[in-house]
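Any read-out appearing in this document is the output of simple, stated calculations on the displayed coordinates, not a laboratory observation. No experiment lies behind these values; they were computed from the predicted model shown. Using ideal geometry, Cβ is built from the backbone for each residue, glycine included, and neighbour counts are taken over all protein chains shown.
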Amino acid sequence: MSVVPPPVPASEVVRATASGKRLYAVRSDDFFGRQPTSTSRLPDPKPLVENLACSVLEVLAGARDLEQIARWMSEGVYKHLLKRVVLASRGRAARKQPASRPAIQLGATRITSPADGVVEAVVIVHGKARTRAIAIRLEGLDQRWRATAISVL
């Protein structure tokens, strides 16, 4: 495995130095984009999965700001949850119901790893009125877990 990405073809040489060395253009995403991380170099995902599941329910209930958990999720997941938060907030406002912290209890947690650096988990969360399943996909990016998919069932 090479740390340095292959250079751009010779036809795209930026310039040659006085000593005759050629300087190549390099794709910046290879160095500065999201870098995948192996599962062996990441911490146990179970605490993150369980805390993220509880936090997502608190966000949807209006008891927690979405920004508090934004660092653990991808941009697409953040945007999707933001839409759900707005809809939940409108529903509470229409019913004249204040935001309150949900009384939840963690149930079973199932974690599988379909590929290196990827974890898919389901957390069962018991509330007063209903039991929900929360499916979360974590990917190892930049030396930490990030949620790339969250579904509240």
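In the range 39-152, a dipole from Cβ-located charges (positive for Lys and Arg, negative for Asp and Glu) runs towards its positive end, and of 80, 43, 109 it is 80 whose Cα lies farthest in that direction. Put simply, the amide H of residue 37, placed in the peptide plane, has neighbours under 5 Å in 140, 141, 142, 143, leaving out anything fewer than 5 places away on its chain.
Within the range 66-133, list the trypsin sites (Lys or Arg not before Pro) lying in a DSSP loop whose Cβ has at most 15 other Cβ atoms in a 10 Å radius.
Numbers: sites: 71, 79, 83, 84, 90, 92, 95, 96, 110, 128, 130, 132; in loops: 95, 96, 128, 130.
Those that pass, being in a loop and sparsely packed, are 95, 96, 128, 130.
Between the amide H of residue 107 and those of 124, 125, 126, distances stay under 5 Å, these residues lying 5 or more places away or on another chain, with hydrogens modeled in the peptide plane.
In which sequence would 138, 153 go, from the one with the fewest C-beta neighbours within 10 Å to the one with the most?
On the way: 138 27, 153 9.
Starting with the residue having the fewest Cβ neighbours, the order is 153, 138.
Under the classification rounded if a/c is under 1.5, otherwise prolate if a/b is larger than b/c and oblate if not, where does the range 39-152 fall, given a ≥ b ≥ c as square roots of the Cα gyration tensor eigenvalues? It is prolate, given that a/c is not under 1.5 and a/b is the larger ratio. For residue 95 and residue 63, the difference between the fully extended length at 0.36 nm per residue and the C-alpha to C-alpha distance is 9.9 nm.
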